[in-house]
Structure formats: structure tokens, C-alpha cells
Amino acid sequence: MSVQRSAFIFAWILLLPAVLYVLAIVAYPLVDTFILSFTDASLKKTTNWVGWINYQKIFNATFAEVIFRTFVWTFFSVALKMVIGTFGATMLNAAVPGRSLFRLLTMPPWIVPMAIGIFMWGWMYNGQFGMISGVLQRLGLVDGPVAFLAYGSTAFWATIVTDVWIGVPLVTIYFLAAIQSIPKDLYEAAWTDGAGRWYRFRRITLPLMVPAIITMSMLSLIATFNSFDIIWILTQGGPSGETTTMIIDTYQTAIGSKKYGEGAARAVLICIFLSLFCFAYFRVTRRLNPEKRA
């Protein structure tokens, strides 16, 4: 047996535990969900093969609104996290007194258990004793209590604000690491040539942060698209379904209504969307990396 063949076999032996883990934790549930989506599985004892009926039920005006709402919710959540994270990382990178303390103070929203943080925001959104409504009334901006989670338009944006609050710390720290990896020589050369802060940020910092921004945008997009806890704890998809996203609709169908086949079809559709996002991400990163493109 050649040395190259021995190395190949040894490499696969080392990879075998990881391969088995992926097959058991990822591949099997995906395949099982895909098969389940073609059945009428529910709490009844018998399960029948129904073909594409579950998918045909998905394509209606109501679910189209759910898909559109999911994309809007994801877009604004991710966009705000990227913008605030970039601004926050730039500020934390500045040479100011107490910089280490400010960096530490950015972490609590991410460190605090998510459920506790969401319940805190639910309390602040309350119209009777919530802090936000009370402050607005004291400032004279509203005439009476505002129950943010009781109305579709305000509840939708309230869930976005909560998601951004939870996600910004991680984005900020990630972008801060990206900024600190930029060679200082570039800034010194630009400063010597008389370039201002805005010019240095626009011509040096931002272009060199593009790979980090794309990577974090993709990770945040997947997490936000699949976000369940925030919406479920705050509104459970209400009022009147105005905050129902695809993941909430899937849960309500599969777990709430016990229609496992229809819920599996919705889950498959979510996987398709996320796979398309990943494909787009790899295409973009391949274009940005000349070595991989060659």
C-alpha cells in the first residue's frame, strides 16, 4: 500500500466521527422531514402518502404574506444590526479613555439569557406599566398609554428592535476584530497625506471590512430568518398574525394544529430558502477571493 493511499485512509478514519455526527444530527432529520412532507401525518394512527398536496396548500395568498413578512422582518433586522455594529465597532476602536469599559458594556444584551432579555422588552412595551409608554407620555409625545404589542404595525417593529438589541453586541465585537486586523500603516499613510477621518473610514476601513461584513451578514441572516424565541415570547405571531413569520407559521401548523405533514412541507421550504442564501454567499465570497476563483 502506497504512502499516499495510507494517508488517505487515515484521514477518513479521523473524519469518520464527524461524518457520522453530521449524518445522525443533520442528514437524517432533513431526509425524514422531506419524506414526512409528502404524508398527512398527524395525531391519527394511520399515515397516508398524499404526494404534493401539502405543498399545494402552502401556495396561497395567506402564506405568501407570511413569506413576504419574513423577508421584510429579516431584512430590516439584519440591516440595522450591520449598520449599528459597524458604527459601534468604529467607536470602540477609537483611542478614548475607558475604551475597555465601553467594550465590556456592549456584551450584556448578548450575555443575558435570551428569554430574560425578551421578557424585559415585553415589560417595557406594556401599555399600562411599560417604561417606553411612560416616557413618551411624560414627554408629551402621546396622549395616553401605548400598548406596542397590541397593534400589528407597532408589534412588528417592536420585535425587530428586540432582535437588533440581542444581535448587535456579537456583530459589534466581530467587526471590531476585523477593524483591528487592518494594518496601521495604511491609516498612517493616509493621515500623512492629509486624509480626514471620514475619508479614511470610507477608503480604508469599510473596503477592508467587506469580507467580514458579508460573513456576518450571512450568519445573522440565517439566525434571524430562523428566529423563533423573540416573536413567540412577545406576540406568539399576533396580533391577527401581523408578526407571524415562516418559522412561527411552521410551529403553529406542526405543533399547534398537530398537522405534522403540512408543517414538514413548510420546514422544507425554509431549508430551500436558506440553501439559496448559502449558495449566494459562497458565490460572493468566491468572487472576492481571487485564489479560490483561480
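The values are calculated or read from the model by the stated rules, or taken from the named source; none is laboratory data. What you see is a predicted model, and the numbers here were worked out from it, not measured in a lab. Quick reminder, even Gly has a Cβ in these numbers, built from the backbone with ideal geometry, and neighbours come from all protein chains shown. Accessible surface areas use protein heavy atoms only, side chains included; no ligands, DNA or RNA. Shrake-Rupley method; radii C 1.70, N 1.55, O 1.52, S 1.80 Å.
Inter-label distance, ASN60 to VAL83: 3.7 nm, where each label sits 7 Å from its Cα along the C-beta direction.
Work out how much length ARG286 to LEU43 would gain on full extension: take 0.36 nm times their residue separation and subtract the Cα-Cα distance, in nm to one decimal. 82.8 nm is the gain from fully extending ARG286 to LEU43.
The residues of segment 169-294 present an accessible area of 55 Å² per residue when probed at 1.4 Å with all protein chains retained. Of all accessible surface on segment 16-104 at a 1.4 Å probe, what whole percent is carbon and sulfur? On segment 16-104, the fraction of accessible area on carbon and sulfur atoms equals 76 percent.
Just the number, please: carbon plus sulfur as a percent of the accessible area of segment 193-268, 1.4 Å probe, no ligands or DNA/RNA counted. Ligands and nucleic acids excluded, carbon and sulfur give 57 percent.
When the solvent-accessible area of segment 127-178 is split by element, carbon and sulfur atoms take up 67 percent of it, the probe being 1.4 Å. For THR39, the amide hydrogen comes within under 5 Å of the amide hydrogens of VAL50, counting only partners 5 or more places away or on other chains and with H modelled in the peptide plane. For the chain, the membrane-span-like helix rule (DSSP H, alpha carbon extent of at least 18 Å along the helix axis, mean Kyte-Doolittle at least -0.5) picks out 3-22, 61-93, 152-180, 206-225, 260-288; this says nothing about an actual membrane. Note on the chain: helix-only mean residue ellipticity at 222 nm, from DSSP H runs of 4+ residues weighted -39500 (n - 2.57) and normalised by residue number, equals -22000 deg cm²/dmol. Here the relative contact order of segment 63-293, from alpha carbon pairs under 8 Å that lie six or more residues apart, stands at 26 percent. Working ranking of peptides 73-81, 142-150, 109-117 by packing, defined as the average number of other Cβ atoms within 10 Å per residue, highest first, is 73-81, 142-150, 109-117.
When only the Cβ of Lys, Arg, Asp and Glu is charged (+1, +1, -1, -1), the dipole of segment 63-293 relative to its Cα centre reaches about 660 debye.
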